[in-house]
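I have placed the structure first, in the form of structure tokens, so that the comments after it can refer back to it.
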Amino acid sequence: MSRKVDPADIPIPTQRLPNSAGTVRRAKTLTRPERGVAPVPLITPHNANIPSTESAEATRTEWDPWVLFSRIITFWAPSFMLSSLGGMTDPQVQQAWREKMGLCFIIAILCCVIGFLTVGFQKVLCPPTAQTADKYLTIGTDFDVLGVQGRVYNVTKIPNVQGVNFTALLKVPGQDITTLFQRTAADYPACGGVTFRAGAEDPCGNNTCLLGSINTPSTFTSLGMVNTSYIVGYDWSNVAALANYFVLDGAVLNMNSYMKLHPTPIPSDNVDAAIRQVLQSMPSQGGRDGTRLFYFHPDTRAAVPCLVQRYYAGNIDKITPGCFVSQLVLYAGLIVILSLVMVRFIMACVFNWFLSARLAGPPDTMSLNRSAISPAVMPEGANVSIDNPNGTAPWAGSRGQKHLTPGRGLRSLGSSNSTLVGGESPPPVMSLAKIGAELFAVCLVTCYSEGEDSLRTTLDSVSTTTYSDARKLIFVVADGMITGAGEKRSTPDICVGLLEADPRFGNPVPMSYFAVGAGAKAENRAMVYAGHYTVAGRRTPTVIIVKCGTEAEATTEKKPGNRGKRDSQLILMNFFSRVTYNDRMTPLDFDLFRKIHVLMGVTPDFFEVCLMVDADTKVMPDSLKYLVNCMHHDQMIMGVCGETRIANKRQSWVTAIQVFEYFISHHMAKGFESVFGGVSCLPGCFSMFRLKARKSTGEDWVPLIIKPEIVKEYSQSIVTTLHEKNLLLLGEDRFLTTILIRTFPNRKMMFLPQAKCRTVVPDTFKVLLSQRRRWINSTIHNLMELVLVRNLCGTFCFSMQFVVFMDLLGTVVLPIAIALTYMLIISMALQPPKTFDEAIPLILLVAVLGLPGVLILITTRKVVYVAWMLVYLVALPVWNLVLPVYAFWHFDDFSWVDPLNTEKWKVKRKVKLMEKVAPFQRDHRYPYDDGKIGNVQGYVSCVGKRGEEKTSRE
């Protein structure tokens, strides 16, 4: 018999009245209006859920810049060649291959640029012939040396020569003593045939040459002077301080002997006039430079080679413009890279020592005593009855009590672990102390083909945490009817066998829901088992969802019900989103609502946080409490992950090389990112997300991971480009983090080292290769999106956006980085550095590789981790060369992905499917166009009236 529908039971989408005691709020900024605009969806922003007569491929034209670029790069591989020789008959596969080649081309260009800046840049700008650092010895910088014809001679003993006081000469080390040696005009070939007196006459005219011949090696041997092959270097201040010295085209000339021979000007001698003009007329401050004067007249220009050869005392110790730029870039790179490394190191230490401890601590009394909005109040935009000014859910408050009176209806089925302190119906605004320090947490455990030992380990660890059983719900999702290798029972059978089922619910029946998939895969069914998981005296409320597939699928598919991990997560996200917004629900959602309500004693809208755990992860006892405390301390935190350690570290060499990599990726990378509040990837094996957060004013909720836009974007199943496939299909954990950061750039993603878990990592190189290929490709494509988010914390080099850019650049240039590293090590071993400039690359290498080891020692205080670091360094070619190159070349490899994601289906099929699943789709912005009760309010009404009818019969 049909039941008459009460119009008051049908939700009307409306917004709550604004708070009369409003405060002044900042409006959208005028200079950055885009900050108030929601970001464009990453996947198919052209509204792929609306059926169209055009195929998905038509949305990208051949004139799309990226498509055009990929075709230009692969001009040498026409389509018929790819089809006949490469076996790529599908145009989409051909375009994916072309885009992969385009990405590899860009990566190769970046690697060449990094290689050129590291090795070739200095050699081009500053070739060996232009380098002066190893050629000049500046005057006055070394002891026991003197200059002869511009060369530096080391005086090994004090000569005893009458008339020459070498002890006095050595008090000015490096000074020129060329005028003391015997020499003739014939000793200078460049002066042959000249007529000017400075080059034609005998240099020793006044018998001042007291030492032996300058061209006889025995002269220097007898004096104990050894040629060092260095050139005497002068700076301009030295030239200014020395009498009768001037510079000619970079060469420093000592004209003292000439000025002594000719103290007065020589008539009709232009060279003599030029020399005297430079020495006597030019100001001495800053040094005298006669280059311009001598090169201005032809006769003086012709005298330059002779003057330089005869009076040469050394050179201006200068560097060429190219060498200067090269040194500038070298030192700038040293400062930037060392600064980044040191800042990351210091900030990671500060976070580990100080900030994380405060976040992990319990909330203080002052925080718990402040007033806040009740979990029963729905957020702005939810389907709220028009006569409900408080905006509370229909199952709570005065409207809820007419169907769910104390002692009647569903509340009477609740467990003895009552949830709210006091047990009354919650008012719209309440104290956080009434909710308690332990937020309601749902622990999502996704499993696929795990065995009983893995599942029991994970469930035991979650159940035996120090968190109250009354405040946590284990939410297990078995992804299809699958039996793992070596197992006698299927994974769903193992899960159900571990559950102490609640007899009040009876045997579950398959309930339909809208799954992630294309074509027939978009429909799925699941059964909900409810009860308690018992271990060590603990009884934790548990629901197990078994995805069993449609009736047709159960008879034809090898893995009926299997839709992937993302679909398992979306079951939870869609359910809590529909509960939060009082939206239309699927039959599966109805079943979940009823059983969770009975098990927990409160409706599901009281849950605020969700812990996501993989089925092969063991959670440490205090971890759940630490993560919830972190959420308590800062309402702006929307996600937090703990430290993942390896459980099978000694199983094989493959697991051994991952120990240090796991440690440093958490304590160094995520610790540094947490200072900015922008951890770019929360691993799905052990992370907590906030379902909804209270606004800072305390008057409303902000749905986060269950925000309809987030759920819609995360549930996309139609991808048309290589970029979209790498975003969505290779790393669902990183993609979820990316869309959360893009949607809420001002909120925080954190890492909490106090929360720990252990997981099993790949123990064979083949599995590691496959895993890291997906992770690397997903990382690159997600960072490409994050680097475009302009509202992240910080500015310029001190911003999260710059950190993301450096991470992206560092990931794509890993192959050239490891090649340059080994080239540096070999070159340093063959030719050890002699100067600081030569040692700069070695300093950078030691800083990059050594500081993580220091971080390990000061954070863990375990020397054994240094041994794990050495194992990692030995395997560095695997991490930086083999895995990245393999990943780059397999950008277009989706062979492991379920065909449901790339299946082609006709438009007619799409239209039929959309009509079939339309009642399940949520859009809280529009009123419902029929009289069917499809939301939770309808569920409460039905159950409440059945309870009243039962009471009247009794």
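The values are calculated or read from the model by the stated rules, or taken from the named source; none is laboratory data. Since the structure is predicted, the reported quantities are computational estimates derived from the model, not experimental observations. Note that each Cβ is placed from the backbone with ideal geometry, even for glycine, and that neighbours are counted across all protein chains shown. The accessibility values were calculated without ligands, DNA or RNA, using every heavy atom of the protein model including side chains. Shrake-Rupley method; radii C 1.70, N 1.55, O 1.52, S 1.80 Å.
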* Structure fact -> For the stretch 777-793, Karplus-derived ³J(HN,Hα) couplings (6.51, -1.76, 1.60; θ = phi - 60°; whole Hz; x for glycine and proline) come out as 5, 5, 4, 4, 6, 6, 5, 4, 7, 5, 5, 8, 7, 8, 9, 6, 5
* To do: Would you pull out the residues with amide H under 5 Å of residue 136's amide H, same chain only if 5 or more places away, H placed 1.01 Å from N?
  => 231
* Asked: Carbon and sulfur atoms: what percent of the 1.4 Å accessible area of the stretch 664-707 do they account for?
  -> 57
* Roughly how many Å² is the accessible area per residue of the stretch 148-252, as a whole number, for a 1.4 Å probe? -> 48
* Asked: Under the definition of Cα pairs under 8 Å and six or more residues apart, what whole-number percent is the relative contact order of the stretch 773-869?
  -> 15
* How many Å² of accessible area per residue for the stretch 534-632, probe 1.4 Å? -> 25
* How many angstrom lie between the C-alpha centres of the stretch 470-539 and the stretch 739-754? -> 30
* Which percent of the accessible heavy-atom area of the stretch 727-884 goes to carbon and sulfur, probe 1.4 angstrom? -> 71
* For residue 507 and residue 106, FRET efficiency with R0 = 51 Å and r from the beta-carbon atoms, rounded to 0.05? -> 0.35
* By average Cβ neighbour count within 10 Å, what is the ranking of 729-736, 138-145, 163-170 from highest down? -> 729-736, 138-145, 163-170
* **Distant-in-sequence amide H partners of residue 692 (H built 1.01 Å from N, under 5 Å)** => 704
* **Rounded FRET efficiency, nearest 0.05, which uses the C-beta distance separating residue 824 from residue 799 and R0 of 41 Å** => 0.85
* Asked: Sorted by average packing, counted as other Cβ atoms within 10 angstrom per residue and highest first, what order do 714-720, 556-562 take?
  -> 714-720, 556-562
* **Inter-label distance, nm, simple model (7 Å from Cα along the C-beta direction), residue 76/residue 301** => 5.1
* Distance between Cα centroids, the stretch 219-284 to the stretch 84-127: provide it in whole Å. => 57
* Asked: Over the stretch 576-648, what is the mean sequence separation of C-alpha contacts under 8 Å (at least six apart), divided by residue count, expressed as relative contact order in percent?
  -> 18
* Asked: Of all the accessible heavy-atom surface of the stretch 168-283, with the other protein chains kept in place and a 1.4 Å probe, what percent is carbon and sulfur?
  -> 53
* Which length gain, in nm to one decimal place, applies between residue 429 and residue 889 when the Cα-Cα distance is subtracted from 0.36 nm times their residue separation? -> 160.0 nm
* Skip the ligands, DNA and RNA, and give the accessible area per residue of the stretch 676-754 with a 1.4 Å probe, whole Å². => 22
* From the Cα gyration tensor of the stretch 508-584, with a ≥ b ≥ c the square roots of its eigenvalues, which class applies: rounded if a/c is under 1.5, or else prolate if a/b is larger than b/c, or else oblate? -> oblate
* Where labels lie 7 Å past Cα in the beta-carbon direction, separation of residue 249 and residue 831 in nm -> 3.0
* **Which listed pairs, of 547/595; 695/725; 707/748; 695/748; 521/558; 692/712, have C-alpha distances above 23 Å, in listed order** => 695/725
* Asked: Of the listed peptides 79-85, 640-646, what is their order by residue-averaged count of other C-beta atoms within 10 Å, with the highest listed first?
  -> 640-646, 79-85
* To do: Just subtract the alpha-carbon distance of residue 319 and residue 468 from 0.36 nm times their residue separation and send over the number in nm, one decimal.
  => 46.4 nm
* Label point at residue 335 placed 7 Å out along Cα→Cβ; residues across the stretch 773-816 whose backbone nitrogen lies under 12 Å -> none
* Global geometry of the stretch 721-865, whether rounded, prolate or oblate, following the gyration tensor of its Cα atoms and the 1.5 cut on a/c -> prolate
* Which cross-chain or sequence-distant (5 or more) residues have an amide H under 5 Å from the amide H of residue 444, H modelled 1.01 Å from N in plane? -> 475, 611, 612, 613
* Asked: Rounded if a/c is under 1.5, else prolate if a/b is larger than b/c, else oblate: which is the stretch 693-787, with a ≥ b ≥ c the root eigenvalues of its Cα gyration tensor?
  -> oblate
* **Residue-span extension gain [residue 184 to residue 285] - 0.36 nm each, minus C-alpha spacing** => 33.0 nm
